[in-house]
Amino acid sequence: MSNLVCPVGIGEMPKKLYAIAAEFDGPKSLYAAAEKIRDRGFKGWDCYTPYYVHGLDKAMGLRKSFVGLFTLFGGLSGLIGGFLLVTITSAYVYPMDTQGKPYFSLPGFVPILDLLLIMPSAIFSIVGLVVLSGLPRLHHPLWDWDDFTRATHDKFFIVIEANDPRFNEKASIDLLQEIGGTNLTYIGDEE
(Lines give C-alpha, C1' and ligand atoms only; values in the text may rest on other atoms or scores of the structure.)
Protein backbone atom coordinates (compact mmCIF):
# COMPACT_ATOMS: atom_id res chain seq x y z
CA MET A 1 0.00 0.00 0.00
CA SER A 2 1.57 3.26 -1.06
CA ASN A 3 0.67 6.60 0.43
CA LEU A 4 -0.56 9.55 -1.55
CA VAL A 5 -0.17 13.17 -0.53
CA CYS A 6 -1.48 15.82 -2.89
CA PRO A 7 -2.72 19.42 -2.66
CA VAL A 8 -6.47 19.93 -2.59
CA GLY A 9 -7.76 20.73 -6.07
CA ILE A 10 -4.57 19.64 -7.85
CA GLY A 11 -3.81 16.09 -8.89
CA GLU A 12 -5.75 12.98 -8.01
CA MET A 13 -7.51 12.52 -4.71
CA PRO A 14 -6.44 9.49 -2.63
CA LYS A 15 -8.74 6.47 -2.92
CA LYS A 16 -8.57 5.99 0.84
CA LEU A 17 -8.51 9.40 2.53
CA TYR A 18 -6.79 9.62 5.93
CA ALA A 19 -6.99 13.35 6.60
CA ILE A 20 -7.07 16.87 5.25
CA ALA A 21 -4.29 19.16 6.46
CA ALA A 22 -3.88 22.93 6.37
CA GLU A 23 -1.03 25.30 7.11
CA PHE A 24 -1.43 28.44 9.23
CA ASP A 25 0.61 31.65 9.40
CA GLY A 26 1.54 31.59 13.07
CA PRO A 27 0.50 30.70 16.60
CA LYS A 28 -2.25 33.34 16.84
CA SER A 29 -4.02 32.23 13.69
CA LEU A 30 -3.59 28.57 14.68
CA TYR A 31 -5.05 29.28 18.14
CA ALA A 32 -8.09 31.06 16.67
CA ALA A 33 -8.57 28.27 14.11
CA ALA A 34 -8.36 25.62 16.83
CA GLU A 35 -11.14 27.34 18.78
CA LYS A 36 -13.36 27.42 15.69
CA ILE A 37 -12.80 23.75 14.89
CA ARG A 38 -13.48 22.83 18.53
CA ASP A 39 -16.70 24.86 18.45
CA ARG A 40 -17.85 22.95 15.35
CA GLY A 41 -17.67 19.71 17.39
CA PHE A 42 -14.77 17.93 15.71
CA LYS A 43 -12.98 15.30 17.84
CA GLY A 44 -10.50 13.61 15.44
CA TRP A 45 -8.12 16.46 14.70
CA ASP A 46 -4.84 17.83 15.97
CA CYS A 47 -2.55 20.85 15.86
CA TYR A 48 1.17 20.59 15.09
CA THR A 49 3.53 23.39 16.11
CA PRO A 50 7.31 23.85 16.28
CA TYR A 51 7.06 24.92 19.93
CA TYR A 52 4.59 24.94 22.79
CA VAL A 53 1.74 27.41 22.30
CA HIS A 54 0.33 28.40 25.68
CA GLY A 55 -3.37 27.61 26.01
CA LEU A 56 -3.60 25.66 22.75
CA ASP A 57 -4.74 22.53 24.57
CA LYS A 58 -7.61 24.53 26.08
CA ALA A 59 -8.44 26.04 22.69
CA MET A 60 -8.57 22.50 21.29
CA GLY A 61 -10.91 21.40 24.07
CA LEU A 62 -8.57 18.70 25.35
CA ARG A 63 -9.27 17.26 28.77
CA LYS A 64 -6.69 16.57 31.42
CA SER A 65 -4.39 13.61 30.77
CA PHE A 66 -4.80 10.33 32.65
CA VAL A 67 -1.02 9.83 33.00
CA GLY A 68 -1.29 11.19 36.55
CA LEU A 69 -3.54 8.27 37.50
CA PHE A 70 -0.87 5.84 36.30
CA THR A 71 1.67 7.74 38.41
CA LEU A 72 -0.58 7.67 41.48
CA PHE A 73 -1.27 3.96 41.10
CA GLY A 74 2.44 3.20 40.65
CA GLY A 75 3.41 5.29 43.68
CA LEU A 76 0.74 3.81 45.93
CA SER A 77 1.46 0.25 44.88
CA GLY A 78 5.19 0.78 45.47
CA LEU A 79 4.59 2.45 48.84
CA ILE A 80 2.14 -0.20 50.07
CA GLY A 81 4.26 -3.05 48.72
CA GLY A 82 7.41 -1.58 50.26
CA PHE A 83 5.68 -0.98 53.59
CA LEU A 84 4.43 -4.56 53.69
CA LEU A 85 7.86 -5.86 52.68
CA VAL A 86 9.81 -4.04 55.38
CA THR A 87 7.15 -4.56 58.07
CA ILE A 88 6.73 -8.28 57.50
CA THR A 89 10.44 -8.99 57.17
CA SER A 90 11.54 -6.77 60.09
CA ALA A 91 8.78 -7.45 62.58
CA TYR A 92 7.63 -11.00 61.82
CA VAL A 93 9.93 -13.07 59.62
CA TYR A 94 13.38 -11.92 60.86
CA PRO A 95 12.84 -10.00 64.11
CA MET A 96 16.24 -8.86 65.43
CA ASP A 97 16.90 -6.90 68.56
CA THR A 98 19.35 -4.28 67.37
CA GLN A 99 20.54 -2.01 70.19
CA GLY A 100 17.16 -2.18 71.89
CA LYS A 101 15.29 -0.62 68.97
CA PRO A 102 11.71 -1.76 68.24
CA TYR A 103 11.09 -4.28 65.48
CA PHE A 104 8.75 -1.84 63.75
CA SER A 105 10.58 1.46 63.35
CA LEU A 106 8.99 3.75 60.78
CA PRO A 107 11.88 6.29 60.68
CA GLY A 108 14.23 3.46 59.76
CA PHE A 109 11.94 2.42 56.92
CA VAL A 110 11.71 5.88 55.30
CA PRO A 111 14.68 5.55 52.89
CA ILE A 112 13.46 2.29 51.35
CA LEU A 113 9.84 3.48 51.29
CA ASP A 114 10.93 6.66 49.53
CA LEU A 115 12.75 4.65 46.88
CA LEU A 116 9.85 2.22 46.47
CA LEU A 117 7.47 5.16 46.05
CA ILE A 118 9.52 7.00 43.42
CA MET A 119 10.67 4.13 41.20
CA PRO A 120 7.25 2.58 40.43
CA SER A 121 5.78 6.07 39.98
CA ALA A 122 8.33 6.84 37.28
CA ILE A 123 7.93 3.47 35.59
CA PHE A 124 4.12 3.64 35.61
CA SER A 125 4.25 7.23 34.30
CA ILE A 126 6.30 6.12 31.30
CA VAL A 127 4.06 3.11 30.71
CA GLY A 128 0.95 5.33 30.95
CA LEU A 129 2.40 7.84 28.52
CA VAL A 130 3.26 5.14 26.00
CA VAL A 131 -0.12 3.38 26.31
CA LEU A 132 -2.25 6.54 26.18
CA SER A 133 -0.25 7.92 23.24
CA GLY A 134 -0.84 4.78 21.19
CA LEU A 135 2.86 4.07 20.89
CA PRO A 136 4.81 2.45 19.40
CA ARG A 137 3.61 3.60 16.01
CA LEU A 138 6.02 2.62 13.30
CA HIS A 139 4.40 4.64 10.52
CA HIS A 140 1.93 7.49 10.22
CA PRO A 141 0.48 8.78 6.93
CA LEU A 142 1.45 12.36 7.82
CA TRP A 143 5.11 11.42 7.65
CA ASP A 144 4.82 11.07 3.86
CA TRP A 145 3.88 14.73 3.53
CA ASP A 146 7.09 16.64 2.77
CA ASP A 147 5.83 19.94 4.22
CA PHE A 148 5.04 18.22 7.52
CA THR A 149 8.75 17.99 8.34
CA ARG A 150 8.64 21.76 8.84
CA ALA A 151 6.21 21.36 11.76
CA THR A 152 9.26 20.97 13.97
CA HIS A 153 10.96 24.07 12.54
CA ASP A 154 8.73 26.95 11.52
CA LYS A 155 5.27 25.84 10.31
CA PHE A 156 1.90 25.46 12.04
CA PHE A 157 -0.60 22.82 10.89
CA ILE A 158 -4.08 21.56 11.66
CA VAL A 159 -5.02 18.08 10.47
CA ILE A 160 -8.63 16.89 10.46
CA GLU A 161 -8.83 13.10 10.24
CA ALA A 162 -11.35 11.37 7.99
CA ASN A 163 -12.45 9.02 10.79
CA ASP A 164 -13.94 11.95 12.74
CA PRO A 165 -17.73 11.47 13.08
CA ARG A 166 -18.38 15.03 11.85
CA PHE A 167 -15.98 14.75 8.90
CA ASN A 168 -17.30 15.68 5.49
CA GLU A 169 -14.69 16.25 2.81
CA LYS A 170 -16.20 19.36 1.23
CA ALA A 171 -17.33 20.88 4.54
CA SER A 172 -13.91 20.26 6.12
CA ILE A 173 -12.12 21.90 3.19
CA ASP A 174 -14.48 24.88 3.34
CA LEU A 175 -13.99 25.17 7.11
CA LEU A 176 -10.19 25.08 6.86
CA GLN A 177 -10.23 27.74 4.13
CA GLU A 178 -12.73 29.87 6.08
CA ILE A 179 -10.55 29.91 9.22
CA GLY A 180 -7.41 30.92 7.34
CA GLY A 181 -5.81 27.62 6.34
CA THR A 182 -3.53 27.61 3.33
CA ASN A 183 -1.82 24.85 1.35
CA LEU A 184 -4.68 22.41 1.97
CA THR A 185 -3.51 18.87 1.36
CA TYR A 186 -5.13 15.44 1.05
CA ILE A 187 -3.35 12.71 2.95
CA GLY A 188 -4.28 9.12 2.17
CA ASP A 189 -3.49 5.90 0.31
CA GLU A 190 -3.62 5.05 -3.38
CA GLU A 191 -5.29 1.70 -2.67
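The values are calculated or read from the model by the stated rules, or taken from the named source; none is laboratory data. Because the structure is a prediction, the values reported are computed rather than measured. Here the Cβ is made from the backbone with ideal geometry for all residues, glycine too, and neighbour counts use every protein chain on show. Heads up: the accessible areas ignore ligands, DNA and RNA and are worked out on the full protein's heavy atoms, side chains in. Shrake-Rupley method; radii C 1.70, N 1.55, O 1.52, S 1.80 Å.
Some observations on this one:
Conditions tested, residue by residue: (1) under 20 Å from K15 (Cα atoms); (2) out of contact with any Asp or Glu (no Cβ under 6 Å at 6 or more places or on another chain).
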{"site": "P120", "(1), (2)": "no, yes"}
{"site": "G128", "(1), (2)": "no, yes"}
{"site": "H140", "(1), (2)": "yes, yes"}
{"site": "I179", "(1), (2)": "no, yes"}
{"site": "T182", "(1), (2)": "no, no"}
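- Cβ pairs under 7 Å, 6+ apart, first in the stretch 76-100 and farther than 15 Å from M119 by Cα, second open to solvent by 60 Å² or more (accessible area, probe 1.4 Å): V86/I112; T87/F104; S90/Y103; S90/F104; A91/Y103; A91/F104; P95/Y103
- Scope the stretch 16-67; condition closer than 19 Å to R166 by Cβ, part of a loop (DSSP other than H, G, I, E, B) and in contact (Cβ under 8 Å) with a residue 60 or more places away in the chain; matching residues: R40, G41, F42, K43, G44
- Residue list for the stretch 152-191, filter: open to solvent by 20 Å² or more (accessible area, probe 1.4 Å), closer than 15 Å to P50 by Cα and of a type in the set (V, I, T): T152
- Scanning the stretch 90-109 for residues being hydrophobic (A, V, I, L, M, F, W, C) and either open to solvent by 90 Å² or more (accessible area, probe 1.4 Å) or within 24 Å of G68 (Cβ to Cβ) (or both) gives a total of 2.
- Annotation note: of T87, T149, the sole residue that is outside any loop (DSSP other than H, G, I, E, B) and either loosely packed, with under 13 Cβ neighbours inside 10 Å or touching a strand residue (DSSP E or B) at 6+ places or on another chain (Cβ under 7 Å) (or both) is T149.
Quick grid of which residues meet (1) under 14 Å from A151 (Cβ atoms); (2) surrounded by fewer than 12 Cβ atoms within 10 Å (Cβ to Cβ):
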{"residue": "E12", "(1), (2)": "no, yes"}
{"residue": "I20", "(1), (2)": "no, no"}
{"residue": "Y31", "(1), (2)": "no, no"}
{"residue": "A34", "(1), (2)": "no, no"}
{"residue": "K43", "(1), (2)": "no, no"}
{"residue": "Y48", "(1), (2)": "yes, no"}
